[in-house]
Amino acid sequence: MTRENRTCKLIQAVCHVDFVVKSQWLVDSAKAGKFLPAEPYKIDCIPVDENLKFPLEKVLNSTIRSTLFAGKYFYVTPDVFPARSEIVRMIESSGGKVEEKRRTAQAIADIYTQALDSYIIVTCPNDMHLCTDLIRFGNPKCLIVSTEFVMSSILKQSLEIEQNIMPLLYNNSYAGGNKTNK
């Protein structure tokens, strides 16, 4: 990496790579005519802002990093940021399945009775109208979260549900069972 910051490519990569190194490793390796040991060039922490940092060691040592979202189905609305294609790649890199079309409210309710939190909608304020039918009779029968859910969950290696719920769609606090799953 040329800069130590949270990027879409980094989030996708940490699900599969052994090291994240500074770009200087490539320069120095080229000068030496061989790949140098990566250890002195490792990036240990990714800052998001001055108060939030993600320790990469925890992610890179996690046994579930490529399966964190296994067994979960996602629908990602069109106008999310980062771009839908980036969020889809992040979800798939961590074992989730992304559906092109959102399920009907009845199909979502049916899967909810079988497996809580197995269907997740990733959305943004501009796309909330795509979820209004799900709240017609109370809280939705699936998780409706921001893109931060995907990014933070991967970088923390736990499902960061509560703090990433789209609050305008829920009457009370999250009513879907477990607030944080591991």
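Laboratory data are not the source of any read-out in this text; all were calculated from the coordinates shown. Because the structure is predicted, anything quoted here is derived from the model rather than measured. Here the Cβ is made from the backbone with ideal geometry for all residues, glycine too, and neighbour counts use every protein chain on show.
Below is a table of values for the structure above.
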item	result
Rg in Å to one decimal, and Dmax rounded to a whole Å, for region 56-108 via C-alpha atoms	13.0, 42
Region 1-142: relative contact order as a whole-number percent, Cα under 8 Å and 6+ apart	22 percent
Residues whose placed amide H lies under 5 Å from that of E160, excluding near-sequence neighbours	S153
Cα gyration tensor shape for region 2-109, rounded if a/c is under 1.5, else prolate or oblate	prolate
Cα shape, region 93-152, gyration tensor, a/c 1.5 rule	oblate
Evaluated at q = 0.10, 0.15 Å⁻¹: base-10 log I(q)/I(0), Debye formula over Cα of the chain	-0.44, -0.86
Computed [θ] at 222 nm, helices only, for the chain once each DSSP H run of length n ≥ 4 contributes -39500 (n - 2.57)	-7500 deg cm²/dmol
Built amide H within the under 5 Å cut-off of V21, gap 5+	I43
Set of aspartates and glutamates near K53 by C-alpha distance (under 13 Å), chain-local residues within fewer than 8 positions excluded	E4, D44
Only Lys, Arg (+1) and Asp, Glu (-1) charged, at Cβ; region 1-52 dipole about Cα centre in debye	260 debye
Estimated inter-spin distance, E39 and L26, nm [label 7 Å along Cα→Cβ]	2.4 nm
Amide hydrogen neighbours beyond the local backbone of V76, cut-off 5 Å, H modeled	E99, V122
Exposed GluC sites (Glu not before Pro) absent: longest stretch of the chain, with sites in DSSP loops and at most 13 other Cβ within 10 Å deemed exposed	101-182
Cα long-axis angle, helix 147-156 against the chain (0 to 90 degrees, to the nearest 10)	50 degrees
